[in-house]
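The values are calculated or read from the model by the stated rules, or taken from the named source; none is laboratory data. As the structure is a prediction and not an experimental result, all values here were calculated from the model. Using ideal geometry, Cβ is built from the backbone for each residue, glycine included, and neighbour counts are taken over all protein chains shown.
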Amino acid sequence: MGSTRARTPKNFVLDERLERYRDAIEYLPASFAGRWAEACWPLGADGGDRFREVRLDLGCGKGSFLVAAALAEPDVLFIGVDVQPVCIAYAAQRIVESGVRNALVVPGNGERLAHMFAAGELSAITLNFPTPHPRKREAHERLTTVDNLLSFRPLLAADGTLTLRTDSEPLYDYSRPQFEAAGYRARWTSNDTRAEHPDIPWSEYEERLAEQGARVHGICAELGGAPYDEQVEAGRERMLDSLYDYIPEDLYEGTYIPHGMDFAIRNFRNRARNAEMRAKRAGR
Ligand SMILES: C[S@@+](CC[C@H](N)C(=O)[O-])C[C@H]1O[C@@H](n2cnc3c(N)ncnc32)[C@H](O)[C@@H]1O
């Protein structure tokens, strides 16, 4: 989002951090595919021999959602995946310092999850404030393209859910038809998830953006039947849309501008004002 690079303090040494919080990081996820729930059950823990469910927080960032979710449901295993090693280091630190035994992080790319999890292994995937990649040229990197959403389908249990939450109305408006094209059925959609689903743990981005006046849009979807080819094709036709095509006509005048869109919106506003002035001059 704008810059998604996590800022680090001056004395932050990545390798040293990754080593220090190594216990909460899994570097060989393929070896756990199909057996996360049993393999990660803590030795000597009471009440069973496996976790009740395995849930994935994709693009987990610094891990506040992950740890809060893990604290709330100790019998569920929460796995965070993130491409940025710095985020992995911070999230691992948070896990270790919180003392939770049901969360871990995996460095990796959400576009390539098939080697990490077996079919039907995940009861939920959450996409909290995924990087919106507003420009057309980077659109294929959005985690909510129909192609990425299709790739998540086999990993979800039959009653599993995929939840997107974002401050970006353009990303939300872009993503809903992509969910449909990939054969997901909405359980709920919301233009204010904090008000309507108050039990969802906060993520770092939600905390930060809520302070700036963001409202959070969300979709929680379940698997519908496998999509028809025409349905998928309809999604692919719009898959590489620029998110600038989804900006409202008032250009967010007087309201919250989605994170990372400030520069573009300021440009659009200038262009609109210039066009208006030109039209006035021409009409004179
Ligand atoms: C805007 S941050 C949100 C972090 C966190 N979910 C939150 O809500 O605070 C987006 C995160 O997604 C990660 N990310 C972006 N693309 C990804 C991908 N393809 N696979 C895994 N993580 C990704 C980024 O590294 C970043 O940490």
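When Glu97 is tested against the conditions (1) closer than 29 Å to Leu150 by Cβ; (2) without any contact (Cβ under 8 Å) to a residue 40 or more places away in the chain, the lone failure is (1).
Residues that are in contact with an Asp or Glu (Cβ under 6 Å, 6 or more places away or on another chain) and within 12 Å of the ligand (Cβ to nearest atom) were ranked within region 74-105; the one that is farthest from Arg35 (Cα to Cα) is Ile88.
For region 81-93, the criterion of being at pLDDT below 95 and in contact with a strand residue (DSSP E or B) (Cβ under 7 Å, 6 or more places away or on another chain) is met by no residue.
Scanning region 209-224 for residues that are exposed (fewer than 14 other Cβ atoms within 10 Å of the Cβ) and either free of Cβ contacts under 8 Å to residues at least 12 places away in the same chain or touching a strand residue (DSSP E or B) at 6+ places or on another chain (Cβ under 9 Å) (or both) yields one hit, Glu211.
Restricting attention to region 61-73, the residues that are within 16 Å of the ligand (Cβ to nearest atom) and either more than 30 Å from Glu206 (Cα to Cα) or in a helix (DSSP H, G or I) (or both) add up to 7. For region 226-270, which positions are among the acidic types (Asp, Glu) and under 20 Å from the mean Cα position of the chain (by Cα)? Within region 226-270, just Asp241 meets the criteria.
Listed here are the residues, each with its yes/no results for (1) more than 17 Å from the chain's Cα centre (by Cα); (2) within 15 Å of the ligand (Cβ to nearest atom); (3) modelled with pLDDT under 95.
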site: Thr163; (1), (2), (3): no, yes, no
site: Ser175; (1), (2), (3): no, yes, no
site: Phe179; (1), (2), (3): no, no, no
site: Asn191; (1), (2), (3): no, no, no
site: Ser203; (1), (2), (3): no, yes, no
site: Gly224; (1), (2), (3): yes, no, no
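Looking across region 74-99, just one residue is among the β-branched types (Val, Ile, Thr) and assigned to a loop (DSSP other than H, G, I, E, B), and that is Val83. Within region 106-116, identify whether any single residue is among the aliphatic types (A, V, I, L, M), assigned to a loop (DSSP other than H, G, I, E, B) and within 16 Å of Glu53 (Cα to Cα), and answer yes or no. Looking through region 106-116, at least one residue is among the aliphatic types (A, V, I, L, M), assigned to a loop (DSSP other than H, G, I, E, B) and within 16 Å of Glu53 (Cα to Cα).
Filter region 106-146 down to residues that are over 21 Å from Ala30 (Cα atoms) and of a type in the set (Ser, Thr, Tyr), then give me how many there are. Residues in region 106-146 being over 21 Å from Ala30 (Cα atoms) and of a type in the set (Ser, Thr, Tyr): 3 in total. Of all residues in region 106-116, those satisfying the criterion of being more than 8 Å from the ligand (Cβ to nearest atom) and either free of Cβ contacts under 8 Å to residues at least 12 places away in the same chain or within 27 Å of Asp241 (Cβ to Cβ) (or both) are Arg112, Leu113, Ala114. Scanning region 36-54 for residues that are closer than 15 Å to Val76 by Cα and without any contact (Cβ under 8 Å) to a residue 40 or more places away in the chain turns up Glu38, Ala39, Trp41, Asp46, Gly47, Gly48, Asp49, Arg50, Arg52. Among the residues making up region 234-284, those that are hydrophobic (A, V, I, L, M, F, W, C) and closer than 17 Å to Pro134 by Cα are Met239, Leu240, Leu243, Ile247, Leu251, Ile257, Met261, Phe263, Ala264, Ile265, Phe268.
Residues that are in contact with a Ser or Thr (Cβ under 8 Å, 6 or more places away or on another chain) and not in a loop (DSSP other than H, G, I, E, B) were ranked within region 1-60; the one that is nearest to Ala264 (Cα to Cα) is Leu58.
For region 130-148, residues that are part of a helix (DSSP H, G or I) and touching a residue at least 40 places away in the same chain (Cβ under 8 Å) total 5. Residues in region 117-129 that are buried (at least 21 other Cβ atoms within 10 Å of the Cβ) and in a loop (DSSP other than H, G, I, E, B) were compared, and the one that is farthest from the ligand (Cβ to nearest atom) is Glu121. Only one of the listed residues (Leu14, Leu28) is under 25 Å from Arg112 (Cα atoms), surrounded by 11 or more Cβ atoms within 10 Å (Cβ to Cβ) and either within 16 Å of the ligand (Cβ to nearest atom) or modelled with pLDDT of 95 or more (or both). That residue is Leu14.
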